[in-house]
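Note sheet for the following structure.
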Amino acid sequence: MQTKQQKEVIIKELAEKLKNSKAVVFSDYKGLKVKDMTVLRRDLRAEGVDLKVLKKTLINIALKDAGIEMDAKALEGQVAIAISSKDEVAAAKIIAKLAKVNENLKIVGGILGTKELSIAEVDALAKLPSKEELLAKLVWTLNAPVSGFVNVLAGNMRGFVTALQAIADKK
């Protein structure tokens, strides 16, 4: 059992993390085995996402302190809170991926910025490409006209060389 001072410290830390977060995903982990929870924590930690398991009352107080209007008690099951401060889609992507292979893990809600998200919105967020994938697509898009121009210029040279080779073969 935690003392009141310990709970106040936990609430303060959680409220600070919530204020600095880009996205938060709430998941129901009831029935999840320890080894599966360990895999979840490891995968989330690798992406810079914090996973906390707290009572809904403490989560509610921290949400209120962070200026987010949401009722954690309305979430069903035992709630784990994944807080992503770097990438908006990282936590949703990892939890959704593990929820597909383990029926005991379920997404029950989320927060993007200060806006509450439904389960469907968190699933849609999980389907978005990551920041690295978007940057790679941007680089490819910016590079496409340049590489096309180079191919056009090289095509003229190839045609000229082919014509010269045909003339040499004739003689």
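Taken one residue at a time, the phi angles of segment 80-88 give Karplus couplings (6.51, -1.76, 1.60, θ = phi - 60°) of 10, 10, 9, 10, 10, 9, 9, 10, 5 Hz. Gly and Pro are set to x. Assuming charge only on the beta carbon of Lys and Arg (+1) and of Asp and Glu (-1), the dipole of the chain about its Cα centre is about 380 debye to the nearest 20.
Sparse packing (at most 11 other Cβ atoms within 10 Å of the Cβ) combined with a DSSP loop state is found for the following GluC sites (Glu not before Pro) in segment 80-120: Glu103. Taking amide H as placed 1.01 Å from N in the peptide plane, the amide H of Asn102 sits under 5 Å from none that are at least 5 places away or on another chain.
Net charge near Ser21: determine it from the other residues with C-beta under 10 Å of the C-beta of Ser21, scoring Lys and Arg +1 and Asp and Glu -1. Summing Lys/Arg as +1 and Asp/Glu as -1 gives +1. Computed about the Cα centre, the dipole magnitude for segment 129-171 is approximately 220 debye when only Lys and Arg (+1) and Asp and Glu (-1) carry charge, each at its Cβ. Using θ = phi - 60° in the Karplus curve 6.51 cos²θ - 1.76 cosθ + 1.60, the 3J(HN,Hα) couplings for segment 36-46 round to 5, 5, 5, 4, 4, 4, 5, 5, 5, 4, 4 Hz; x is entered for Gly and Pro. Of the residues Ala120, Ala163, Ala80, the one whose Cα sits farthest towards the positive end of the charge dipole of the chain is Ala163 (charges of +1 on Lys and Arg Cβ, -1 on Asp and Glu Cβ, taken about the Cα centre). Computed from backbone phi, the HN-Hα couplings of segment 145-151 come to x, 5, 5, x, 5, 4, 5 Hz, rounded to whole numbers (Karplus: 6.51 cos²θ - 1.76 cosθ + 1.60, θ = phi - 60°; Gly and Pro given as x). Pairs exceeding a 30 Å alpha-carbon distance, out of Lys35/Lys137; Lys64/Lys93; Lys30/Lys137; Lys7/Lys97: Lys35/Lys137; Lys30/Lys137; Lys7/Lys97. Mind sorting out which of (1) 163; (2) 115; (3) 126 is the real volume of the Cα convex hull per residue in Å³ computed from the coordinates? Derived directly from the coordinates: (1).
Annotation: amide H-H contacts under 5 Å for Ala23 (H modelled 1.01 Å from N, sequence separation of 5 or more, or interchain): Ser84, Gly113.
Taken together, the values in this text are just the output of simple stated rules run on the coordinates, not laboratory data. Computed from a prediction, not measured in an experiment: that's the story for all the values here. Cβ coordinates were reconstructed from backbone atoms using ideal geometry, including for glycine residues, and neighbour counts include every protein chain displayed.
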